[in-house]
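Here the structure comes first, spelled out in C-alpha cells, and everything after it is commentary.
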Amino acid sequence: MDIRIGHGYDVHRLAEGLRLVIGGIEIEHTKGCLAHSDGDVAIHAICDAMLGALALGDIGKLFPDTSEEFKGIDSKILLRRVCDIIAEQGYTISNIDCTIALQRPKLRPHIDTMRQTLADVIGFDVDRISIKATTTEHLGFEGEEQGISAHAVALLTR
Ligand SMILES: [Zn+2]
C-alpha cells in the first residue's frame, strides 16, 4: 500500500462587515475574511494538505485568484474538485485533521456541523474528519483579531 501525508496552511485577513465562512458554513460574526473566494480558511488548508500529499502544488496554482471563475466561489466547490483530482490519481482519503486559530467567535458550537458538511462534500464518514479550534491567547494576528489561520494534515492511501 502507498501511504501519503500532506500538510496545508492558510491565512486570511479579517475585515468588518464581510460574511464569515469557515468549514463550509456561515457563522454569525461582525467580521469576515477578505478573499477572492468565500475565504474559507479551513477548506483551503484541507485542500492544500490533500494536494501536498500528492505533490500537486496548492489551490492557488489550481484555482488562480486572478480568475473571474473563482471570484466569490463557495470553497466547497473547490474542495470537491480537489477530491476528484485525488480520486483520478487512484487515492482514497483516509483521514483529515484541521486546526483553526482565531480569537472570536467561539467555534465549538459549530464544529460538528462543519465536520458533517465537509464529510458530505468529500464523501466519507464523519469520523474521518477532525476539526479543532484554538484561540492564541490574544497573541499574534489571530489573537488581535486581524486574521484567521488554519493548519491541516491529510492522509491518503492507494
Ligand atoms: Zn485561503
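Summary table
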{"item": "Output for the range 141-150, where each listed residue is open to solvent by 30 Å² or more (accessible area, probe 1.4 Å) and of a type in the set (S, T, N, Q)", "result": "146"}
{"item": "Helices (runs of 4 or more DSSP H) contained in the range 1-91 and holding at least 2 residues of a type in the set (D, E, K, R) and touching a helix residue (DSSP H, G or I) at 6+ places or on another chain (Cβ under 7 Å)", "result": "75-88"}
{"item": "Hits in the range 113-158 - residues which are over 30 Å from residue 1 (Cβ atoms), in contact with a helix residue (DSSP H, G or I) (Cβ under 8 Å, 6 or more places away or on another chain) and either of a type outside the set (A, V, I, L, M) or in a helix (DSSP H, G or I) (or both)", "result": "135, 136, 137, 147, 149"}
{"item": "Selected residue (criterion: farthest from the ligand (Cβ to nearest atom)) from residues of the range 39-61 that are within 17 Å of residue 149 (Cβ to Cβ) and open to solvent by 20 Å² or more (accessible area, probe 1.4 Å)", "result": "52"}
{"item": "In the range 104-140, residue farthest from the chain's Cα centre (by Cα) [restricted to those that are open to solvent by 70 Å² or more (accessible area, probe 1.4 Å) and in contact (Cβ under 8 Å) with a residue 40 or more places away in the chain]", "result": "104"}
{"item": "Failed item, numbered, when residue 23 is tested on (1) closer than 15 Å to residue 80 by Cα; (2) of a type outside the set (A, V, I, L, M, F, W, C); (3) within 11 Å of the ligand (Cβ to nearest atom)", "result": "(3)"}
{"item": "Residue count, the range 46-99 (criterion: within 22 Å of residue 142 (Cβ to Cβ), in contact with a His (Cβ under 8 Å, 6 or more places away or on another chain) and of a type in the set (A, V, I, L, M, F, W, C))", "result": "3"}
{"item": "Test set (1) modelled with pLDDT of 95 or more; (2) open to solvent by 70 Å² or more (accessible area, probe 1.4 Å); (3) among the polar types (S, T, N, Q) - residue 75 fails condition number", "result": "(2)"}
{"item": "From 67, 94, residue being polar (S, T, N, Q) and modelled with pLDDT of 95 or more", "result": "94"}
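The values are calculated or read from the model by the stated rules, or taken from the named source; none is laboratory data. All figures in this text were calculated on a predicted structure; none of them were measured in a lab. Glycine gets a Cβ as well: all are built from the backbone with ideal geometry, and neighbour counts include every protein chain shown. Protein only, heavy atoms only, side chains kept; ligands, DNA and RNA dropped before computing areas. Shrake-Rupley method; radii C 1.70, N 1.55, O 1.52, S 1.80 Å.
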